[in-house]
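The block underneath contains the structure these notes are about, expressed in structure tokens.
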Amino acid sequence: MTSTRRRFLRQALMAAGGVTVGPARVRAQSTARVVVVGGGFAGASCARALRQADPKLAVTLIEASPTFTACPFSNAVIGGLRELAAQQFTYERVAAGGITVVQATATAVDPSTRAVTLGDGKQVPYDRLVLAPGIDIRWGALPGYDEAAAAQLPHAWRAGEQTLLLRRQLEAMDDGGLVIMSAPANPFRCPPGPYERASLIAHYLKTRKPRSKLILLDAKDTFSKQRLFQAAWAELYPGLLEWVPLSKGGAVTSVDAATRTLVTDFGRHQAKVANVIPPQKAGRIAEAAGVADRSGWCPIDPVTFESKLSPGIHVIGDAAITGAMPKSAFAANSQAKTCAAAVVRLLTGAAPTAPKLINTCYSLVAPDYGISVAGVYQPANGQLADVPGAGGVSPADAPRATRAAEAVLAEAWFRTITGEVFG
Ligand SMILES: Cc1cc2nc3c(=O)[nH]c(=O)nc-3n(C[C@H](O)[C@H](O)[C@H](O)COP(=O)(O)OP(=O)(O)OC[C@H]3O[C@@H](n4cnc5c(N)ncnc54)[C@H](O)[C@@H]3O)c2cc1C
């Protein structure tokens, strides 16, 4: 075949939306196609960062939902401090930036032909693929907890209907009712999230149903920002919020949705309202694409976020195994920018540079009481590791004015990040 004919065939394939023949890096930078699956904090951030790095890149964002509902601050919705509408964002501005937004569910990935299959069977070809599907619930990992049980005992760990269901159950409960939460073993989405939620439910009970009680059953003995949370609970919610760690029988071994009962090795706890935060795994497209390992999460190269299991596919956000870096929206956004920079370099044949990534997580213990943790991470031994001496947590002995200032900073952080990702 002559080189002219090869070029013609290649152009015809491209015009027909066909798959790339040969390695992706043979494409000129400006014609490369990057497909991102999942338009959350990781995916939408990455799509935007890719276009910013090279406005000529053909970036497609595949997202199942027309509206994104953010988890950060959804605990405040559950606690009656905020409406769900304040959590919701559309993709209009993302699309206006030149990104092709496809509202569809990605159901399969073929790494050999470099194409993503959508729910309706259509194929979307790519030169590099970024998967950012967030989490799925590991249904059945906790005996008795399946999708039907979640309609009785909401997890509310993906924001939306589940968030509202838990809030309505709390609102419908009589004063004096027992609320029980369960928190899973590591790793899971948002390490401080269960403790912030317990705090804001306790705040709701204290101010609206003061004869009620909250028990938090935990499959761990330690948790994020523990000293700060526990000091605040002793000050704000004495006698109202009880934390039961693993070593004192906190691990839930099964649930009975019909009677709202959570079972541990030490006994049965029957609740008026129960919030079960179950074990999790990477969003299911990760498994279908062959990038999840037996843990259910996705091993990645810490410099490029390229899958260790399938070259040409990058995984960012909660779905990825990122060593010391927690599964947070801030981390997802940070990883998205690093991954976008690496993808652009890889497409042009340049070597990616080793990144430094940042995370900060604010938690509200009450509406005017915020605490935070921050970390800086760098690649080390095939993982992301803490940069020694960087980061830290809010001071243990800070005055209430500092806590109030951190609550204001938390809200500002949410406005800034959602503005950057969706605004
Ligand atoms: C209660 C709670 C409070 C939290 N508070 C904070 C906080 O204060 N600060 C913080 O930094 N983080 C917080 N988090 C964590 C944060 O929400 C997650 O870490 C973050 O959303 C991860 O981003 P992601 O893009 O990986 O996943 P997501 O944001 O969940 O986005 C995944 C997207 O992918 C889409 N998707 C999945 N599969 C497919 C498919 N096959 N096809 C098409 N689309 C698909 C989904 O529809 C979704 O839009 C909190 C989490 C919870 C549960």
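Below is a table of values for the structure above.
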quantity	calculated
Residues located in region 85-99, provided they are in a helix (DSSP H, G or I) and surrounded by fewer than 17 Cβ atoms within 10 Å (Cβ to Cβ)	A85, A86, E92, R93, A95, A96
Looking only at region 266-295, and only at residues there that are more than 15 Å from L214 (Cα to Cα), touching a residue at least 12 places away in the same chain (Cβ under 8 Å) and of a type in the set (K, R), the one that is nearest to the ligand (Cβ to nearest atom)	R284
Residue in region 296-325 that is nearest to A47 (Cα to Cα), counting only those that are within 16 Å of the ligand (Cβ to nearest atom) and open to solvent by 30 Å² or more (accessible area, probe 1.4 Å)	I321
Test for R345: is it away from the ligand (no atom under 12 Å from the Cβ), open to solvent by 30 Å² or more (accessible area, probe 1.4 Å), basic (K, R) and in a loop (DSSP other than H, G, I, E, B)	no
All positions within region 50-84 that are open to solvent by 50 Å² or more (accessible area, probe 1.4 Å), of a type in the set (G, A, S) and more than 12 Å from the ligand (Cβ to nearest atom)	A53
Residues of region 388-416 classified as among the β-branched types (V, I, T) and buried (at least 16 other Cβ atoms within 10 Å of the Cβ), total	1
So Q335, is it modelled with pLDDT of 95 or more and not assigned by TED's automatic domain parsing to the domain that holds A49	no
Single unsatisfied condition, P111 versus (1) open to solvent by 10 Å² or more (accessible area, probe 1.4 Å); (2) near the ligand (Cβ under 9 Å from one of its atoms); (3) touching a residue at least 24 places away in the same chain (Cβ under 8 Å); (4) not hydrophobic (A, V, I, L, M, F, W, C)	(2)
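The values are calculated or read from the model by the stated rules, or taken from the named source; none is laboratory data. What you see is a predicted model; the values in this text were computed from it and never measured. With ideal geometry, Cβ positions are generated from the backbone for all residues, glycine too; neighbour counts draw on all protein chains shown. The area values use the complete protein model at the heavy-atom level, side chains included, leaving out ligands, DNA and RNA. Shrake-Rupley method; radii C 1.70, N 1.55, O 1.52, S 1.80 Å.
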